[in-house]
Amino acid sequence: MRVLGIETSCDETAAAVVTEAGVVLSDVVRSQVEAHAPYGGVVPEIASRDHARAIVPVIREALARAGMQPGDVDGIAVTSRPGLLGALLVGLSAAKGLAFTTGKPLVGVDHLVGHLLAVFLRRGEAEAEAPVPAYPFIALLASGGHTALYRVDAPRLSAIRELGATRDDAAGEAFDKTAKLLGLGYPGGPVVDRLAATGDASRAKDAVPRSMAHRESLEFSFSGVKASVMRHVATRGKPPEGQALADLCAAFQASVVGTLVDKAVRAAKVEAVPRIVLGGGVAANRGLRAKMAEACARQKLTLFVPSFASCTDNAAMIAYAGALRLAAGERDDLGLEPSTKTALPRVTRKGAGIR
Ligand code: KG4
Ligand code: ZN
């Protein structure tokens, strides 16, 4: 089965063709990051317009790279939630148009399920034999919009349970807001990651406490870490430069990464599941990858990390999650509607404060 995936939930216009086995035949991602950079974050209206401009060429390119015509696909998968409504509508309209004209089945995919299954994607020869996790697994999903731990018993919505999520900022959001505060531009994750590699966290650790407020729970809170960087900058009147900036980035990253690692390991212990899967843009962070690998080796847990391209937003993960729905005989009709909310049940209330 070859499935066309379409993703427009936030600031990437993406299309890909993927088989039911997760083999990526093509994967096109057009980032809008330059359009949003001057504003230091995603502007919904700009996102919708940019998706509308890019969607047809991006889909054409994905089909062409896979050597296919629209009629050759066995189904069309599209991100229907969660995301920006106006942005989601662009992908949904394109997907419905294609499904209508080709007569191929349509399925909506929850973006978070896409991230959780991205580890199964096979990109080229290098990944053909890469090990994949058995079910159940514990997944740490950390992106710009979401940060949560899940227990995944099977690749379908009803078999995925949230164990805990962030009560305030997502991890990627904390990276982005901190980078903005330090004058490092948008998106901040990759820049902070790069600077942190040359910094010494111990030299700035007093400026950034560890966000361990609710040590026993599987919930996260990152707004405090961001606030402490803000206070550090305010006290000095301007952001640090040179080595001091690198040290501050290293301390910030160590704090966020330390919490993500501790809670993921705790989730694996609580659920008695010996494997952890990473997903989402923050899983591209080299510090997180390294610390998670160390912790898993120490705790005798097996770690599965998707390739960089599979961590950040892409349509290949949507095509794959959609292929599994199609293979299970599931279909959506042309009335499929977007939603700002995930379909996964949530246990953490946002903004509820620390218990
Ligand atoms: O999954 P993603 O592409 O989009 C969302 O669904 O949000 O994640 C984007 C987020 C941004 O906040 C970005 O700063 C962060 O992932 N990110 C990183 C790194 N690369 C991307 N954060 C830390 N280190 C990185 N290397
Ligand atoms: Zn995402």
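The values are calculated or read from the model by the stated rules, or taken from the named source; none is laboratory data. In this text, all values refer to a predicted model and were calculated from it rather than measured experimentally. Note that each Cβ is placed from the backbone with ideal geometry, even for glycine, and that neighbours are counted across all protein chains shown.
Report whether or not L288 is assigned to a loop (DSSP other than H, G, I, E, B), out of contact with any Cys (no Cβ under 6 Å at 6 or more places or on another chain), hydrophobic (A, V, I, L, M, F, W, C) and within 16 Å of ligand 2 (Cβ to nearest atom). Here the answer is no, as L288 does not meet what is asked.
Of the residues T348, T302, only one is under 22 Å from A130 (Cβ atoms) and either touching a Lys or Arg at 6+ places or on another chain (Cβ under 9 Å) or surrounded by fewer than 17 Cβ atoms within 10 Å (Cβ to Cβ) (or both); which? Spell out the reasoning first.
On the way: T348 fails: under 22 Å from A130 (Cβ atoms).
Residue meeting the stated conditions: T302.
Restrict the check to the range 242-252 and report whether at least one residue is part of a helix (DSSP H, G or I), surrounded by 19 or more Cβ atoms within 10 Å (Cβ to Cβ), among the charged types (D, E, K, R) and at pLDDT below 95. Within the range 242-252, not a single residue is part of a helix (DSSP H, G or I), surrounded by 19 or more Cβ atoms within 10 Å (Cβ to Cβ), among the charged types (D, E, K, R) and at pLDDT below 95.
Among E271, E294, which is the only one that is touching a Lys or Arg at 6+ places or on another chain (Cβ under 8 Å), more than 16 Å from ligand 1 (Cβ to nearest atom) and not assigned by TED's automatic domain parsing to the domain that holds H51? Step through it out loud before you land on a result.
Working: E294 fails: touching a Lys or Arg at 6+ places or on another chain (Cβ under 8 Å).
So the residue among E271, E294 that is touching a Lys or Arg at 6+ places or on another chain (Cβ under 8 Å), more than 16 Å from ligand 1 (Cβ to nearest atom) and not assigned by TED's automatic domain parsing to the domain that holds H51 is E271.
Cβ separations smaller than 6 Å between residues 6+ apart or across chains give the following pairs from the range 281-292 residues that are more than 16 Å from A148 (Cβ to Cβ) to residues that are part of a helix (DSSP H, G or I) and near ligand 1 (Cβ under 8 Å from one of its atoms): A284/C311; N285/D193; R286/D193; G287/Q253. The set of residues from the range 301-314 being aliphatic (A, V, I, L, M) and more than 12 Å from ligand 1 (Cβ to nearest atom) comprises L301, L303, V305.
Summed over the range 173-194, residues that are out of contact with any Pro (no Cβ under 8 Å at 6 or more places or on another chain), in a helix (DSSP H, G or I) and touching a residue at least 60 places away in the same chain (Cβ under 8 Å) total 7. Contact map, the range 3-22: first residue touching a residue at least 24 places away in the same chain (Cβ under 8 Å) and more than 16 Å from ligand 2 (Cβ to nearest atom), second residue of a type in the set (S, T, Y) and not in a strand (DSSP E or B), Cβ cut-off under 7 Å, separation 6 or more or different chains; pairs are V18/Y320; G22/Y320. The single condition from (1) in a loop (DSSP other than H, G, I, E, B); (2) within 16 Å of ligand 2 (Cβ to nearest atom) that V273 fails is (2).
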